[in-house]
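This report refers to the structure that appears directly beneath it.
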Amino acid sequence: MKQICYLLFLALYACMATSCQQSEKSFFSNKEYREQVKSDFLQRKTMVSATRAKALFSVFDTPGLSLEEKEALEFLFAYMPLSDLSDYNGDFYLSQVRKAFEVRDFFEWGAKIPEEIFRHFVLVYRINNENLDSARIVFFNELKNRVKNLSMEEAALEVNHWCHEKVNYRATDGRTSSPLDLVRTSWGRCGEESTFTATALRAVGIPARQCYTPRWAHTDDNHAWVEVWIDGKWRYMGACEPEPVLDVAWFTAPAKRAMMVHTNVFGKYTGGEEKNIDKPMYSTINLLSNYAAVREAKALVTDAGGKPVAGATVTFKVYNYAEYYSIVESVTDSAGTASIYTGAGDVLVWASRNGIFGYAVSTSKNESVTVVLSKKAGDTFEDSYELVPPAEQTVKGLPSELAAENGRRLRLEDSIRKAYMNTFIGEQAATDLASKLNLPVGETWKYMDASQGNWREIQKFIEKHKDDKYLFPFLSSVSNKDLRDAPEKILTSHLQGFHKVGTKAGTPEDIVAKNLLSPRISREIIRPWREFFQKEFDGSIVEHVRANVGEIVNYVKENIRIDDEQNYYNCPVTPRGVYEMKITDRHSRNIFFVSLCRSAGIAARLNPATGHPQYYDGEWKNAEFEDDSREIYPQAKITFVSAKGNLLKPQYGTHYSLARFRNGDFATLDLHEDVSTVSVDAGYYRLMVGSRANDGSVTINNKYFEIKENQSLNLGIKMPEVVSKMQVLGIIDMNTKISLTSGNETTLKDLSDGNGVMLCFADPDREPTKHVLQDLPAQTDELNKWGGGILFLVPDDKFSPAFDHAVFKNLPKNTLWGLDSKRVLLNETVSTLKLSFNDNFPLTLFLTNSGGIVYYSSGYKIGIGEDIVKTVKSVKK
């Protein structure tokens, strides 16, 4: 009888559980979509290694897991990039899911967000290629009471003000810090600011996405910002650059000249935007029409006989930083055609198939082009052409009262951030630390200063290893960003791991710090992989593989499967993640190989020019994982020679570049800007040299050539001449008095000292002005020789006492800062030039000694320092 009762109880419980589950809310209202996600999830599970499967999928055994949470997790696991499957565990993703649902229910706007918008632009924990952390949880707790009684639009604006309190713009390297690490540092580049801001917006349940123009056409560099979904419409804002209303930003005018604006969307997305890329796990959507006039650039690809070629790779490119940069890649259809929606400027259309290539320029007047595949590696020829960007456009400014009130808030927020930055260690405290530890003062201060908000961690590391002769070589081997976000424990694990195995005999001391001691390999987050691998592999293996590095190569080839599709955010998988998952992209595989070598005391690196994995065995040898089994490629030598008549000393990566042909296209070599002679692999190359005019158009000379083994070749770098007439555009009174921030007073004439003045009306809180400050150091020597004055003049309504111009190093010696009371000189200048200015800072002028304006630039532009040097030399002529 007891057994019968027990069975009845189980049956009743099962029935109730099934009924309960059926009544639970599903995350997907569309049955077909729900079934697709389930199928994709189950398929994805089959590729996950046993080690990672347990770490990821045991989360489904969590007590109390709801159906909605379960399905949301399945959605994330089905489509997340390989880096996230490899490096984070299921509990982390469950915490993200639960907080997203909590936020949705907490704010009144949560109920208004459509399911698809919430799924892709709130739930998803990743914005781009940042390192992941618990920012969603931290930011929600800090922001919820600040925005809970606001409208959705007001809340979005307020979140951006909070972001500005925490973070401001300053250039840094290409690794994207996590949002919490960025808060600790208090500054970052635009890609980090926009990642941080989008994370903060999602933390309060406002749909947000990061938008990128991958490269500008009218100037060098790129930019990223944020779009927010507000009451049924996508709107935009500058990240950490709050304005009083949406759809207003300093980049509004530049964005009208963009050739592409896009964003990646996690998962299967059925929104109505144009898709540049549509893959099973993600899509890249084209947002350009939100900002600029668009046109359809069409290409017909044919063979030399005029027959259409299906399946050809077609890449649409713009000129930027002396290379052709891809904005969209496509494949021709059965009729041999491919097209994109792009801006109103020129775009280079490059096509290739089976190693044969061709190209043409698509313009707004010639939208349909035919690309003939008729060229191949080894063909020697030269050509030249001009690429013209979309025309500059003016935009309306804010009403003065709105701008003034916003300026007041910005200055207050600057002071909040400055107060936090004042808690960083100062030079005197670092000096005292060095004296206490008997360490060199200069080096100690250098690394403590660079560590910013992470200074306590770096101080602990220095104190712990003060007697280690490799202390400062180790610190010199990591990036400044590592100093700002690496924990002491991880740094210590690497230094101790280095000492544990020592160095392979015959390794030159001058390569040890950078290529063996260093935990930094590429742009990956530093993790304690050295300690992990030394525990995984028996100590006897170390000596064996030192003598047989080929066994490490073979191990990687045999055990690591390559998949370049699934890691679509291009966030490198950590070495441990590669080891445990056994599937990764090529770049992460190469990092993994280097980490294995260094863990065994073998110097290894990614070739600084080509990115190819190498190890040191008497000389640098390539680790080959593909079909080519050569350890050492035939070498040749190229020397770059600046031709007579150049107004500027050509710089690599700004005025010219060298690219090697591979797989139908040319890949630019990553060389130092002042490179003169370089050793390269023998092969087929393209040298391109470009000069940009003030209107953004660029004239490009290309030279295609082959260089053979042991050949030495001199390449002349002659910058194309850009036709521009020097004329006086207006006159400024050089006796105008200037109030300097130092408290002194001077005149423009005194600053000129007979040579002229570079005058920059600046908004120092905004990114465009900071680009000018970052551009000038490259021209410091030339501008010091010139001897004229350089004046950054800040309108008093834009001046913040929290701004510290001392953070911008190596400016020309005659650089001064002044205040323009009530914008008197700015208004006079704008009136003289008949500009529609609308606060389009910076406004940069070159004034002759008599006050003639012979150059001006308004708004965002890269290379203003170079423009000034050209103007100086033209005036002297």
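The values are calculated or read from the model by the stated rules, or taken from the named source; none is laboratory data. Predicted, not measured: the structure shown is a model, and the values here were computed from it. Note that we place each Cβ from the backbone using ideal geometry, even for glycine, and neighbour counts take in every protein chain shown. These accessible areas exclude ligands, DNA and RNA; they are computed on the full protein's heavy atoms, side chains included. Shrake-Rupley method; radii C 1.70, N 1.55, O 1.52, S 1.80 Å.
What to note about this one:
- Residue in the stretch 42-59 that is farther than 29 Å from residue 562 by Cβ and without any contact (Cβ under 8 Å) to a residue 12 or more places away in the chain present: no
- All conditions in (1) part of a loop (DSSP other than H, G, I, E, B); (2) touching a helix residue (DSSP H, G or I) at 6+ places or on another chain (Cβ under 7 Å); (3) within 24 Å of residue 326 (Cα to Cα); (4) open to solvent by less than 10 Å² (accessible area, probe 1.4 Å) hold for residue 209, with the sole exception of (1).
- Of all residues making up the stretch 702-715, the number that are part of a strand (DSSP E or B) and of a type in the set (D, E, K, R): 2
Residues checked against (1) out of contact with any helix residue (DSSP H, G or I) (no Cβ under 9 Å at 6 or more places or on another chain); (2) open to solvent by less than 60 Å² (accessible area, probe 1.4 Å):
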{"position": "428", "(1), (2)": "yes, no"}
{"position": "435", "(1), (2)": "no, no"}
{"position": "440", "(1), (2)": "no, no"}
{"position": "443", "(1), (2)": "no, no"}
{"position": "447", "(1), (2)": "no, yes"}
{"position": "450", "(1), (2)": "no, yes"}
{"position": "454", "(1), (2)": "no, yes"}
{"position": "457", "(1), (2)": "no, yes"}
{"position": "462", "(1), (2)": "no, yes"}
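- The residue pairs whose first member lies in the stretch 412-429 and is within 20 Å of residue 457 (Cα to Cα), whose second member is modelled with pLDDT of 95 or more and small (Gly, Ala, Ser), and whose beta carbons are closer than 6 Å, counting only pairs six or more residues apart or on different chains, are 421/186.
- Hey, residue 413 under 32 Å from the mean Cα position of the chain (by Cα) and open to solvent by less than 10 Å² (accessible area, probe 1.4 Å) or not: yes
- Options 604, 600; residue that is touching a strand residue (DSSP E or B) at 6+ places or on another chain (Cβ under 9 Å) and of a type in the set (Gly, Ala, Ser): 604
- If the condition is being at pLDDT below 85 and open to solvent by less than 70 Å² (accessible area, probe 1.4 Å), then the stretch 542-553 contributes only 542.
- Contact map, the stretch 575-587: residues that are closer than 15 Å to residue 532 by Cβ and of a type in the set (D, E, K, R) paired with residues that are at pLDDT 95 or above and open to solvent by 40 Å² or more (accessible area, probe 1.4 Å), Cβ distance under 7 Å, separation 6+ or inter-chain. Pairs shown: 576/527.
- Residue 613 vs. criteria open to solvent by less than 40 Å² (accessible area, probe 1.4 Å) and either within 28 Å of residue 681 (Cα to Cα) or out of contact with any helix residue (DSSP H, G or I) (no Cβ under 7 Å at 6 or more places or on another chain) (or both): yes
- Unique match (being free of Cβ contacts under 8 Å to residues at least 12 places away in the same chain and not β-branched (Val, Ile, Thr)) among 278, 333: 278
- Residue within the stretch 849-862 that is in a helix (DSSP H, G or I) and open to solvent by less than 20 Å² (accessible area, probe 1.4 Å) present: no
- Scope the stretch 239-261; condition closer than 29 Å to residue 151 by Cβ and not in a loop (DSSP other than H, G, I, E, B); matching residues: 241, 252, 253, 255
- Odd one out for residue 737 among (1) on the phi > 0 side of the Ramachandran plot; (2) free of Cβ contacts under 8 Å to residues at least 60 places away in the same chain: (1)
- Just one of the listed residues (305, 358) is of a type outside the set (D, E, K, R) and out of contact with any Ser or Thr (no Cβ under 6 Å at 6 or more places or on another chain), namely 305.
- Per this entry, residue 585 is counted among residues that are closer than 24 Å to residue 191 by Cα, out of contact with any Cys (no Cβ under 6 Å at 6 or more places or on another chain), open to solvent by less than 30 Å² (accessible area, probe 1.4 Å) and charged (D, E, K, R).
- Check on residue 377, open to solvent by 40 Å² or more (accessible area, probe 1.4 Å) and either of a type outside the set (A, V, I, L, M) or not in a strand (DSSP E or B) (or both): yes
- Wholly enclosed helices (runs of 4 or more DSSP H) of the stretch 60-165 bearing at least 3 residues of a type in the set (A, V, I, L, M, F, W, C), under 24 Å from residue 178 (Cα atoms) and open to solvent by less than 10 Å² (accessible area, probe 1.4 Å): 67-79, 90-106, 135-147
- The residue that is surrounded by the fewest Cβ atoms within 10 Å (Cβ to Cβ), counting only those in the stretch 471-496 that are of a type in the set (A, V, I, L, M) and within 27 Å of the chain's Cα centre (by Cα), is 490.
- Any pair with Cβ under 6 angstrom, 6 or more apart, that starts in the stretch 483-496 at a residue that is without any contact (Cβ under 8 Å) to a residue 60 or more places away in the chain and ends at one that is of a type in the set (Gly, Ala, Ser): 483/450; 483/451
- Sole exception among (1) under 23 Å from residue 127 (Cα atoms); (2) open to solvent by less than 20 Å² (accessible area, probe 1.4 Å) for residue 264, by number: (2)
Listed here are the residues, each with its yes/no results for (1) over 19 Å from residue 242 (Cβ atoms); (2) touching a Ser or Thr at 6+ places or on another chain (Cβ under 8 Å).
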{"site": "140", "(1), (2)": "yes, no"}
{"site": "158", "(1), (2)": "no, no"}
{"site": "163", "(1), (2)": "no, yes"}
{"site": "183", "(1), (2)": "no, no"}
{"site": "194", "(1), (2)": "no, no"}
{"site": "199", "(1), (2)": "no, no"}
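- Among the conditions (1) modelled with pLDDT of 95 or more; (2) of a type in the set (S, T, N, Q); (3) crowded, with 16+ Cβ neighbours inside 10 Å, residue 800 misses just one, which is (1).
- If the condition is being open to solvent by less than 20 Å² (accessible area, probe 1.4 Å) and closer than 30 Å to residue 843 by Cβ, then the stretch 657-692 contributes 690, 691.
- The residues of the stretch 542-573 that are within 29 Å of the chain's Cα centre (by Cα), more than 21 Å from residue 266 (Cα to Cα) and in a loop (DSSP other than H, G, I, E, B) amount to a single one, 560.
- When residues in the stretch 168-182 are screened for being surrounded by fewer than 24 Cβ atoms within 10 Å (Cβ to Cβ) and touching a residue at least 60 places away in the same chain (Cβ under 8 Å), 9 of them pass.
- Spans of strands (runs of 3 or more DSSP E) in the stretch 618-697 with at least 3 residues touching a residue at least 24 places away in the same chain (Cβ under 8 Å), within 19 Å of residue 220 (Cα to Cα) and within 27 Å of the chain's Cα centre (by Cα): 656-662, 683-692
- Residue check for residue 403: among the hydrophobic types (A, V, I, L, M, F, W, C), assigned to a helix (DSSP H, G or I) and surrounded by 14 or more Cβ atoms within 10 Å (Cβ to Cβ): yes
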